[in-house]
Amino acid sequence: MIRPPNASEQTRPGSFCKLLDGLIPSAFKPWFEGLWPETIKLKISTDCIWEVGLKEEDGKIVMDARWSAFVKAHDLKIGYFTVFKRIDTRSLKVLVFDHDNCEKVIKCKGNHAPLEEQYGSQLK
């Protein structure tokens, strides 16, 4: 069941843009009902799902090494930017834009659960 947004939800940001640093803005915390989940699912344009961990560092919420693996596996470059849109309290839709400000279509196989098997030492 989908619940209708209340007045406070209508004033919360529904998405955020990042330049591959893995930080999640604190203004996004209310969408997670005040609590950051330990892991979050990232759904890309081809509907593949990546799971990354979240951790707090110096009062900021950052994605763990699995975000770096996502960046490397999808060949994201400096100057690309990502837009994250909230799906629910544990999922974000990820759109990737390249140097030309065009959406990058990301191809994948499954949900990338066994990253080490797929990319081996490239992830280290």
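So the values come out like this:
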read-out: Subset of region 14-27 that is closer than 24 Å to residue 98 by Cβ and hydrophobic (A, V, I, L, M, F, W, C) - its residue that is modelled with the lowest pLDDT; value: 16
read-out: Residue satisfying all of: in region 38-59; surrounded by 15 or more Cβ atoms within 10 Å (Cβ to Cβ) and part of a loop (DSSP other than H, G, I, E, B); modelled with the lowest pLDDT among these; value: 45
read-out: Residue in region 70-124 that is modelled with the lowest pLDDT, counting only those that are in contact with a Phe, Trp or Tyr (Cβ under 7 Å, 6 or more places away or on another chain) and either exposed (fewer than 10 other Cβ atoms within 10 Å of the Cβ) or in a helix (DSSP H, G or I) (or both); value: 73
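The values are calculated or read from the model by the stated rules, or taken from the named source; none is laboratory data. As the structure is a computational prediction, the values presented were derived from the model and not from experiment. So basically every Cβ, Gly included, is an ideal-geometry build from the backbone, and we count neighbours across all protein chains shown.
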